[in-house]
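**Q** What follows is a structure written as structure tokens; I'll ask about it next.
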Amino acid sequence: MDLIEALHSMMLIRAFETALARRSDHGFQLLSSGEEAVAVGVCSALTADDQLLTGGRSIGPALARGLAPDAVMAELLGKASGPNRGKGGRGHMSDASAGFFGAHAVVGGNISIAAGVALARSLGGEPGIVVILFGDGACGAGALHEVLNIAAIWTLPLLFVCNNNQLSVSTPRTAALAPKALSDLALAHGIRSASVDGMDVVAVHQAAAAASTAIKLGEGPAFLECTSWRFASHSTSTRETRGQAEMAAVLARCPIARLDAALSTSGALTPTIRADLERQVDAAVAKALAFADASPYPERDEATTDVG
Amino acid sequence: MIYKITVPTVAEDVEEIRVLEWHGAAGQDFRAGELVVELETHKALVEVRAGQSGVLRRVLCQDGEWAKVGIPLALFSDDAVEPLPENAELARDLAVDFVVD
Amino acid sequence: MSGEPAAATERLFFREAIGRALREEMRIDPRRIVMGQDVGAFGGSYREFEGLFAEFGASRVRDTPVAEAAMVGIGVGAAAAGLRPLVSVTYMDFIMLGLDPLVNYGAKLRYKTGGRLTAPVIVKTTSGARGQGVAHSQCVEAWLMSVPGLKVVAPSNPADAYGLMKAAFLEEGPIVYVDHKRLFPIPGEVPLAATVTPLGLAAVLRRGTDLTIVTHSFMTRTAMEAATAMSAQGVSCEVVDLRSLAPLDIATVSASVRRTGALLTLEEGQVTCGVGTEVAAQVQQRLGPIPVARVGALAAPVSSNPVLEAACLPDAPRVVSAAVALLGRRRSDAPRPVSRKS
């Protein structure tokens, strides 16, 4: 894993979302601030043969998967130059040709879809795995339990990644979910399972890579719980539930600062390289904003096109 | 005595059946208990077995053909030479057992 | 329906017509698979999948656990990723469990991806009351007709059971195929040649001059029974079998009502917001005010109790009463606003 590249990728997500949130027309967004290591760690273990599906917290994963910031910003701001002509937005962004089969805003709603994608690809003899990324909020839903069962029985090439940021809007995960560790949910179905520190991009990468290898060897589905902390409230419309002292402790866990410190200590990251990364990130974000702002909205009559 | 086999009422919603296979041809003797014909309903196979011995004289509904409940499927008689009536409906019913599979 | 056998047809049970369409389609395209409870070696609750498991194997004919939400979702997702699945939901009552993936993802996929992905999935389900109780009897196809991006068909006879299943496999998006418990015992003629029943095309089953009865699924038989009874009373009914609920062939229905001057809609589902309500509204939009009666189940759950079930469901006598009342009202109204053409 190229750690400088991982740092770059996490910095891009952070800067992109910060710039987006600053706009008055940012729309209804779910941000990945603090959770960048989960997206980047998982995506760095994927190849062009794999497909990624997510829930509604899709911006970090989409960028980590390699979608161009220009296209992503356009889609988020409702412009026709987005991959879905601005009709999907954050909740439904999709670019299957880039290995990002798509987001779906229904909590837990993409889990059975991902299993279907895995079934199709496996029957089609296609290499690669399918990854479904969801939060702790989806772990109480019947959808997860039904699909864990069928994925095990049908030996689907499916990696369940639970980004456990420990809060479902306002509900702490321990108040909502019974298991000691969310990775225990998979054990009931005989599915190989692991829990890692979601703030450590290296740990996430290693666990995701190991799971992917096992799945490709035909061992069946796998489950990976990444424990993380989100830096913002659930969404741009949601009140923050945590107090100042708690937030200070959360922000101190920054995955970007952590990797930065580790790479600085090892000498791999110098002030020059860091400055260069910051420059690249700022330029990419500025370019994305300019592209989106210069792009038109879809025409009104697109309200009734591609209905089916 | 001339007898007829008619399409039995096997279930309340069965209106029409298809003859799957006759297990004998005209002139053949059947003893009680032997399988005479298999019928298909929309749901199940029905085995029609002779409830009395007799000679199959004329098949009225061939393999693969359809008949509604109550319609005569074949004529039987006690012996092989008794003359058959024009109207099969007039014959009395042959004793049969049927098994729904 | 049970008309004269046309040339080049074979008489099949309803289930055999479905099975024949599936066999033909699965032989053509290996992406076509079937998933559902008891569809494999068992051959389906109505034997409609008989023989498919033996011919195509466990990979393409998959038994599933009782988990409709997951199964519909997996069917939708597999379709989005290139398969052509048919998901069997044995009882229409339980399609409700699969509505999130079907409606929130499947029906919206083409739109939400700006046309880049679609989910060509068939959800086949059996509706109707036949002594199985309040949660195993429902006809809720009306709930599905208004979902943009979702198509709904309902054959009333083996020829259309075959033809609409063939049509369903040609669709590029999700389609719900609704058959009915009480249609399975009834055989009918099916063309020997591979035939597609077009979507959005109703069938006039009986020509008439005094009243148009618009119906679908099993109630088509009740409509024909009522029409026969009414002709003995000197009332000539035209019976239109919708076959396709979304898209809806309102042109055929309107043309009929323009000739007869009166509309009676008949369904086994609820009257409120039912299929008939939509048909009546659309016909009135085209023709202006016309006499309309809507007949459907009573506003109550349908119990397995034989007396109560029979009381709830429409039957020919109830249709006749409604028709007579409708025509009586029409005669006592001002002259009809549309001219009558034969």
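FYI, it's all coordinate maths here, none of it is from the lab. Here the structure is a predicted model, which means the values were calculated and not measured. Because the Cβ atoms are built from the backbone with ideal geometry, glycine has one as well, and the counts that use them run over all protein chains shown.
**Q** Could you tell me which of rounded, prolate or oblate describes chain A, using a ≥ b ≥ c as the square roots of the eigenvalues of the alpha-carbon gyration tensor, with rounded for a/c under 1.5 and, failing that, prolate when a/b is larger than b/c and oblate otherwise?
**A** rounded
**Q** I'd like to know which of A:Leu53, A:Ser228, A:Ala268 lies farthest towards the positive end of the charge dipole of chain A, counting +1 on Cβ of Lys and Arg and -1 on Cβ of Asp and Glu.
**A** Ranked along the dipole, the leading option is A:Ser228.
**Q** With chain A treated as a Gaussian network of Cα nodes joined by springs under 10 Å, which of A:Thr241, A:Thr171, A:Thr272 yields the largest mean-square fluctuation?
**A** A:Thr272
**Q** Let me ask something else about it. Run the quick spin-label model on A:Ala210 and C:Val134: label points 7 Å from Cα toward the beta carbon, then report their separation in nm to one decimal.
**A** Going by the 7 Å Cα→Cβ label model, 5.3 nm.
**Q** Which one, C:Ala323, C:Ala203, C:Ala142, has the greatest fluctuation when you compute a Gaussian network model over chain C with C-alpha springs under 10 angstrom?
**A** Evaluated over chain C, the most mobile residue of the options is C:Ala203.
**Q** Provide, in order from the shortest bin, the percent of all Cα-Cα pairs of the range C:9-191 in each 5 Å bin, continuing until the bin that contains the maximum pair distance.
**A** 1, 9, 18, 23, 22, 16, 8, 3, 0, 0
**Q** Regarding the range C:1-75, what is the average projected area of its C-alpha convex hull, in nm²?
**A** Projected over every direction and averaged, the Cα hull of the range C:1-75 covers 6.2 nm².
**Q** Take every DSSP beta bridge with both residues inside chain A and express the antiparallel ones as a percent of the total, to the nearest 5.
**A** Percent antiparallel among DSSP bridges in chain A is about 10.
**Q** Taking only the Cα atoms of the protein assembly as shown, how large is their convex hull per residue, in Å³? Could you put the intermediate results ahead of the total?
**A** Details: hull volume 145.2 nm³, N = 751.
In the protein assembly as shown, the Cα hull volume divided by residue count equals 193 Å³.
**Q** How do A:Cys43, A:Cys226, C:Cys312, C:Cys273 rank when sorted from fewest to most other Cβ atoms within 10 Å of their own Cβ?
**A** Sorted ascending by nearby Cβ count, the order is C:Cys273, C:Cys312, A:Cys43, A:Cys226.
**Q** Can you tell me how the range C:178-315 classifies by the Cα gyration tensor, rounded, prolate or oblate, using a/c under 1.5 as the rounded cut?
**A** rounded
**Q** For C:Cys273, what is the net charge nearby, where nearby means another residue's Cβ is under 15 Å from its Cβ and Lys, Arg count +1, Asp, Glu -1?
**A** -3
**Q** Just to be sure I understand: with springs between alpha-carbon atoms less than 10 Å apart, which residue in C:Ala202, C:Ala69, C:Ala168 has the highest mean-square fluctuation in the Gaussian network model of chain C?
**A** C:Ala69
**Q** To the nearest 10 degrees, how steeply does helix C:158-168 sit against the main Cα axis of chain C, on a 0 to 90 scale?
**A** 60 degrees
**Q** Related question: With N denoting the number of residues in chain C, provide Rg(C-alpha) divided by 2.2 N^0.38 Å, to two decimal places.
**A** Dividing the Cα radius of gyration by 2.2 N^0.38 Å gives 0.99.
**Q** Report, in debye and to the nearest 20, how large the dipole of the protein assembly as shown comes out about its Cα centre when Lys and Arg carry +1 and Asp and Glu carry -1 on their Cβ.
**A** Values: 68 positive and 81 negative charges, 467 e Å.
Dipole size: approximately 2240 debye.
**Q** Related question: Just grab the label-to-label distance for C:Leu192 and A:Ala48, each label 7 Å out from Cα along the Cβ direction, in nm (one decimal).
**A** Label-label distance for C:Leu192 and A:Ala48, simple model: 5.2 nm.
**Q** Given H placed on each backbone N at 1.01 Å, which residues far from C:Val176 in sequence or on other chains put an amide H within less than 5 Å of it?
**A** Sorted by chain and number, the residues that satisfy this are C:Val123, C:Lys151, C:Val152, C:Val153.
**Q** Sorting A:Trp229, B:Trp22 on the 10 Å Cβ count, fewest up front, what's the list?
**A** Taking fewest neighbouring Cβ atoms as first place, the list is B:Trp22, A:Trp229.
**Q** List the DSSP H helices in chain A whose Cα atoms stretch 15 Å or more along the helix axis and whose mean Kyte-Doolittle hydropathy is at least -0.5. Can you show the working numbers first?
**A** Numbers: long enough: A:3-22 (29 Å, 0.86); A:111-123 (18 Å, 1.65); A:142-153 (17 Å, 1.30); A:201-216 (22 Å, 1.10); A:255-266 (17 Å, 0.47); A:271-294 (34 Å, 0.21).
Span-like helices here: A:3-22, A:111-123, A:142-153, A:201-216, A:255-266, A:271-294.
**Q** Moving on. Among C:His216, B:His23, which comes first, then next, by fewest other beta-carbon atoms within 10 Å?
**A** Arranged by neighbour count, lowest to highest, C:His216, B:His23 become B:His23, C:His216.
**Q** If you count the DSSP beta bridges with both ends in chain C, what percent of them are antiparallel, to the nearest 5?
**A** 20 percent
**Q** Note down the relative contact order for chain C as a percent, whole number, built from C-alpha pairs under 8 angstrom at least six residues apart.
**A** Result for chain C is 16 percent.
**Q** Counting helices only, and only those DSSP H runs with n ≥ 4, report the 222 nm mean residue ellipticity of chain C as the sum of -39,500 (n - 2.57) divided by its residues, in deg cm²/dmol to the nearest 500.
**A** Values: 11 runs with 115 residues, N = 342.
The helix-only estimate for chain C comes to -10000 deg cm²/dmol at 222 nm.
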